[in-house]
1. Let me spell out the model: positive unit charges on the Cβ of Lys and Arg, negative unit charges on the Cβ of Asp and Glu, origin at the Cα centre of the chain. What dipole size does that give, in debye rounded to 20?
2. Loop sites only, by DSSP: take the chymotrypsin sites (Phe, Trp or Tyr not before Pro) in the chain that have at most 11 other C-beta atoms within 10 Å and name the longest stretch containing none of them.
3. Using 0.36 nm per residue of separation minus the Cα-Cα distance, give me the extension gain between Leu6 and Thr87 in nm, one decimal.
4. Taking the Cα centre of the chain as the origin and placing charges on Cβ (Lys, Arg +1; Asp, Glu -1), which of Pro10, Val82, Gln67 is farthest toward the positive end of the dipole?
5. Taking a ≥ b ≥ c as the square roots of the Cα gyration tensor eigenvalues, with a/c under 1.5 meaning rounded and otherwise prolate when a/b beats b/c, else oblate, which class fits the stretch 29-105?
6. Could you do me a favour and compute the accessible area per residue for the chain, 1.4 Å probe, result in Å²?
Amino acid sequence: MRIACLGGGPAGLYFAISMKRRDPGHEVVVIERNRPEDTFGWGVVLSDETLDNLAANDAESAARIRQHFAYWDDIAVIHDGVKTVSTGHGFCGIGRRQLLILLQQ
(Lines give C-alpha, C1' and ligand atoms only; values in the text may rest on other atoms or scores of the structure.)
Protein backbone atom coordinates (compact mmCIF):
# COMPACT_ATOMS: atom_id res chain seq x y z
CA MET A 1 0.00 0.00 0.00
CA ARG A 2 1.25 3.50 -0.80
CA ILE A 3 0.41 6.08 1.88
CA ALA A 4 1.07 9.83 1.82
CA CYS A 5 0.75 11.45 5.23
CA LEU A 6 0.27 15.22 5.03
CA GLY A 7 1.79 16.74 8.15
CA GLY A 8 4.76 15.70 10.23
CA GLY A 9 3.37 16.70 13.62
CA PRO A 10 2.92 14.16 16.43
CA ALA A 11 -0.26 12.67 14.93
CA GLY A 12 1.17 12.34 11.41
CA LEU A 13 4.43 10.82 12.60
CA TYR A 14 2.71 8.39 14.95
CA PHE A 15 0.31 7.34 12.19
CA ALA A 16 3.23 6.73 9.83
CA ILE A 17 5.03 4.63 12.45
CA SER A 18 1.85 2.65 13.14
CA MET A 19 1.21 1.89 9.48
CA LYS A 20 4.79 0.76 8.91
CA ARG A 21 4.61 -1.48 11.98
CA ARG A 22 1.36 -3.01 10.73
CA ASP A 23 3.01 -3.96 7.45
CA PRO A 24 6.67 -3.13 6.72
CA GLY A 25 5.85 -3.45 3.03
CA HIS A 26 3.73 -0.30 3.14
CA GLU A 27 5.36 2.65 1.39
CA VAL A 28 4.77 5.54 3.80
CA VAL A 29 5.82 9.09 2.94
CA VAL A 30 5.41 11.96 5.42
CA ILE A 31 5.14 15.40 3.83
CA GLU A 32 5.86 18.37 6.12
CA ARG A 33 6.38 21.96 5.06
CA ASN A 34 8.26 23.07 8.19
CA ARG A 35 11.72 22.17 9.47
CA PRO A 36 11.97 19.05 11.66
CA GLU A 37 12.61 21.12 14.82
CA ASP A 38 9.72 23.56 14.23
CA THR A 39 6.76 23.18 16.53
CA PHE A 40 3.57 25.04 17.27
CA GLY A 41 2.11 24.77 20.73
CA TRP A 42 3.64 23.95 24.09
CA GLY A 43 3.04 20.33 24.80
CA VAL A 44 0.91 17.24 24.60
CA VAL A 45 -1.14 15.92 27.53
CA LEU A 46 -2.41 12.35 27.60
CA SER A 47 -4.50 10.32 30.03
CA ASP A 48 -3.48 6.99 31.56
CA GLU A 49 -5.97 5.28 29.26
CA THR A 50 -4.36 6.85 26.18
CA LEU A 51 -0.92 5.72 27.36
CA ASP A 52 -2.24 2.18 27.63
CA ASN A 53 -3.57 2.43 24.06
CA LEU A 54 -0.18 3.70 22.83
CA ALA A 55 1.57 0.77 24.49
CA ALA A 56 -0.88 -1.73 22.99
CA ASN A 57 -0.36 -0.22 19.53
CA ASP A 58 3.43 0.23 19.65
CA ALA A 59 5.22 -0.78 22.83
CA GLU A 60 8.62 0.43 21.62
CA SER A 61 7.50 4.01 20.88
CA ALA A 62 5.39 4.13 24.04
CA ALA A 63 8.34 3.10 26.21
CA ARG A 64 10.63 5.76 24.71
CA ILE A 65 7.96 8.45 25.09
CA ARG A 66 7.14 7.47 28.70
CA GLN A 67 10.75 8.16 29.73
CA HIS A 68 10.18 11.87 29.02
CA PHE A 69 6.73 12.37 30.53
CA ALA A 70 5.87 14.42 33.59
CA TYR A 71 3.05 12.76 35.54
CA TRP A 72 0.31 14.16 37.78
CA ASP A 73 -3.11 13.13 39.04
CA ASP A 74 -4.43 16.29 40.71
CA ILE A 75 -6.31 19.04 38.92
CA ALA A 76 -6.69 22.37 40.72
CA VAL A 77 -9.32 24.91 39.72
CA ILE A 78 -9.20 28.40 41.21
CA HIS A 79 -12.36 30.46 40.90
CA ASP A 80 -13.06 33.66 42.79
CA GLY A 81 -10.05 32.95 45.00
CA VAL A 82 -11.30 29.50 46.02
CA LYS A 83 -9.07 26.57 45.12
CA THR A 84 -10.77 23.24 44.48
CA VAL A 85 -8.58 20.17 43.94
CA SER A 86 -9.78 17.01 42.24
CA THR A 87 -7.54 13.94 42.48
CA GLY A 88 -7.11 10.55 40.84
CA HIS A 89 -7.22 11.52 37.18
CA GLY A 90 -3.87 10.19 35.96
CA PHE A 91 -2.43 12.50 33.33
CA CYS A 92 0.99 12.96 31.81
CA GLY A 93 2.55 15.58 29.61
CA ILE A 94 5.52 16.02 27.32
CA GLY A 95 6.93 19.02 25.52
CA ARG A 96 5.78 19.05 21.90
CA ARG A 97 9.32 19.50 20.55
CA GLN A 98 10.60 16.55 22.61
CA LEU A 99 7.74 14.37 21.35
CA LEU A 100 8.54 15.33 17.75
CA ILE A 101 12.20 14.44 18.25
CA LEU A 102 11.32 11.02 19.68
CA LEU A 103 8.88 10.21 16.89
CA GLN A 104 11.31 11.38 14.21
CA GLN A 105 13.96 9.02 15.58
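The values are calculated or read from the model by the stated rules, or taken from the named source; none is laboratory data. No experiment lies behind these values; they were computed from the predicted model shown. Glycine also receives a Cβ, built like all others from the backbone with ideal geometry; neighbour counts cover every protein chain displayed. What goes into the accessible areas is simple: the full protein's heavy atoms, side chains included, and nothing from ligands, DNA or RNA. Shrake-Rupley method; radii C 1.70, N 1.55, O 1.52, S 1.80 Å.
1. Details: 11 positive and 13 negative charges, 82 e Å.
The calculated dipole for the chain is roughly 400 debye.
2. Working: sites that count: Phe40, Trp42.
It runs 43-105.
3. Working: separation 81, 0.36 × 81 = 29.16 nm, distance 3.83 nm.
Between Leu6 and Thr87, full extension yields an extra 25.3 nm.
4. Ranked along the dipole, the leading option is Pro10.
5. Numbers: a/c = 3.22, a/b = 1.62, b/c = 1.99.
Oblate, since a/c reaches 1.5 and b/c is not below a/b.
6. That works out to 69 Å² per residue.
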